[in-house]
Amino acid sequence: MRIVYVLGTRPNFVKTAPVIGALRARLPEGRHAIVHTGQHYDRLMSEIFLEELGVPAPDHMLEVGSGSHAQQTARVMERLEPVLEEEQPDLVMVPGDVNSTMAAALTAAKMQIPVAHIESGLRSFDRTMPEELNRIVTDQLSSQLFIHSPEANDNLHAEGVPAERIHLVGNTMIDTLAALEDRFRAAGAATRLGVEPDSYALVTLHRPALVDGPLLPKTIERLAALASEMPVVFPVHPRTRSMMEAVESQHPGLLLCDPLGYLDFLSLLADANAVLTDSGGIQEETTYLGIPCFTLRDNTERPITITAGTNTLIGLDPAAISQIPAALAQRPANPPDPPPLWDGHASERIAEVVVG
Ligand code: UD1
């Protein structure tokens, strides 16, 4: 069997690494070709992740880089087509919801190569989010849809996806997290950054709705106010960094740093008192780790992190940040158990389905 895995961004690496490992173990004689689209390309956004996750060096680098949505999507399609012609895969595996995901699914489907989608079926029902469009298109084009929560099944069913294509396997991002647990628990990132474990808020922001407009300086202002109550650690995504520079935002009291490798990031996450984020994956990681998470968005495609986890949707209005200390004081002492099948073995279940 010949499988091509197409990866482009930081969260793609985390979601796919254990699936590549599980399929290589099940099909040692198979061809497992890794394509890196280059949507993320800085060392701290890409290489360090591949190293820490033990992903083999990519077989094909497409080097699409940054650009508008159409440019990025078109470049992936143009450059992936000859790779698929050369590799002649039986299956193209794509994770998540980024531009690289959708572009790869479309390229493969047009070449009549079956597509498998990891983390299928999530919906925010907000089509202003580029990821929502990527999810809808990718799911429509996929022949194997791997889901990690029951609502994904409902969403796909409502869009007419035949039940036999849908496989509830669990969460591959949690596979990676569980596999790295000993290493990140020993990483001591908080101490290296000069903050006490269990004392600080960890912040990540990168979505256009929050960082590309007037909400960013207002959010930074509220975070600075929060910093007078607890240390606020903020590893800054390159997109956010350039927007902060553009508006010359002041950030008194915030502990800003460059993007972190995955082990250091998980170490900071596991030792945080609270997490403020607009990321999708972090809503899931905090659910697994039992860390209070406050999501700065109006919606989430991951409602299970609210109903069965530790996530609270506080909306886009930065004023809500001031309510976090009071909300933390009212948190139950014992967080809930992670959702079913978020158990470190989702990738093995995917391999089982693929091998058949
Ligand atoms: C992308 C995904 C988003 C995902 C996020 C994870 C899409 C539409 N968006 O957002 O869903 O949550 O990745 O991090 O696919 N940049 C660098 N170095 C890099 C990568 C990006 O400096 O290695 C800067 C560039 O200025 C670039 C900007 O970040 O223009 C945005 O990068 P892009 O890949 O377009 O989107 P993200 O915001 O990273």
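The values are calculated or read from the model by the stated rules, or taken from the named source; none is laboratory data. In this text the structure is predicted, and so the values were computed from the model without any measurement. Because the Cβ atoms are built from the backbone with ideal geometry, glycine has one as well, and the counts that use them run over all protein chains shown. SASA here: full protein model, heavy atoms, side chains in, ligands and nucleic acids out. Shrake-Rupley method; radii C 1.70, N 1.55, O 1.52, S 1.80 Å.
Just name one of Val275, Val92, Pro114: the one whose Cα is farthest towards the positive end of the charge dipole of the chain (beta-carbon charges, Lys/Arg +1, Asp/Glu -1).
Val275
Compute the relative contact order of segment 88-189 as a whole-number percentage, counting only Cα pairs closer than 8 Å that sit 6 or more residues apart in sequence. Please list the in-between numbers first.
On the way: 147 pairs, mean separation 24.4, N = 102.
In percent, rounded to a whole number, it is 24.
What is segment 1-80 by shape, rounded, prolate or oblate, if you read a ≥ b ≥ c off the alpha carbon gyration tensor as root eigenvalues and call it rounded for a/c under 1.5, prolate for a/b larger than b/c, and oblate otherwise? Don't skip to the answer; put the middle values down first.
Numbers: a/c = 2.57, a/b = 1.49, b/c = 1.72.
Because a/c hits 1.5 or more and a/b fails to exceed b/c, segment 1-80 counts as oblate.
I'd like the distance between the alpha-carbon centres of segment 55-117 and segment 302-324, rounded to an integer number of Å.
33 Å
Along its principal axes, what span do the Cα atoms of segment 35-157 show, with the longest given first and each in whole Å?
That gives 37, 32, 30 Å along the principal axes, largest extent first.
Any chance you could tell me what percent of the C-alpha pair distances in the chain go past 38 Å?
Above the 38 Å cut-off, the chain has 13 percent of its Cα pairs.
How big, in percent, is the set of alpha carbon pairs in segment 47-110 lying more than 20 Å apart?
Numbers: 608 of 2016 pairs.
Result: 30 percent of Cα pairs exceed 20 Å.
Do any trypsin sites (Lys or Arg not before Pro) in segment 96-128 lie in a DSSP loop with no more than 10 other beta carbon atoms within 10 Å, and if so, which? Display every interim value, and only then the final one.
Numbers: sites: Lys110, Arg123, Arg127; in loops: Arg123, Arg127.
Listed in order of number, the matching sites are Arg127.
Of all DSSP beta bridges in segment 82-239, what percent run antiparallel (nearest 5)?
Details: 0 of 12 bridges.
Restricted to segment 82-239, the bridges split so that about 0 percent are antiparallel.
Of all the accessible heavy-atom surface of segment 182-250, with the other protein chains kept in place and a 1.4 Å probe, what percent is carbon and sulfur? Don't jump to the answer; show the numbers that get you there.
Details: 1760 of 3490 Å².
Accessible surface attributable to carbon and sulfur in segment 182-250 totals 50 percent.
Where Lys and Arg each count +1 and Asp and Glu each count -1, what net charge lies around Ala57 among other residues with Cβ under 13 Å from its Cβ? Show your work: numbers first, answer last.
Working: positive: none; negative: Glu47, Glu51, Asp59.
In short, -3.
Starting from the coordinates of the alpha-carbon atoms of segment 199-296, obtain the Kirkwood hydrodynamic radius over all distinct pairs and give the value in Å to one decimal.
On the way: mean 1/r = 0.0743 Å⁻¹.
About 13.5 Å, per the Kirkwood formula over Cα pairs.
When the Cα atoms of segment 258-356 are enclosed in a convex hull and the volume is divided per residue, what value in Å³ results? Walk me through the numbers before you get to the answer.
Working: hull volume 12.6 nm³, N = 99.
Convex hull of Cα atoms, per residue: 128 Å³.
Rg and Dmax of segment 130-267, Cα atoms, in Å?
Here Rg and the maximum Cα pair distance are 19.4, 54 Å.
Rolling a 1.4 angstrom probe over the protein heavy atoms, how many square angstrom per residue are accessible across the chain?
Per-residue value: 41 Å².
Gaussian network model of the chain, Cα springs within a sub-10 Å range: biggest mean-square fluctuation belongs to which of Leu215, Leu202, Leu141?
Leu215
Less than 13 Å Cβ to Cβ from His251, Lys/Arg counted +1 and Asp/Glu -1: what total charge do the surrounding residues give?
Residues near His251 contribute 0 overall.
Please report the net charge: other residues with Cβ closer than 10 Å to the Cβ of Gln88, K and R +1, D and E -1.
Values: positive: Arg2, Arg31; negative: Glu85, Glu86, Glu87, Asp90.
Around Gln88, the charge tally is -2.
Under a GNM of the chain (C-alpha, springs under 10 Å), which listed residue has the highest mean-square fluctuation: Met102, Met93, Met129?
Met129
Between segment 194-231 and segment 160-186, how many Å separate their Cα centres?
28 Å
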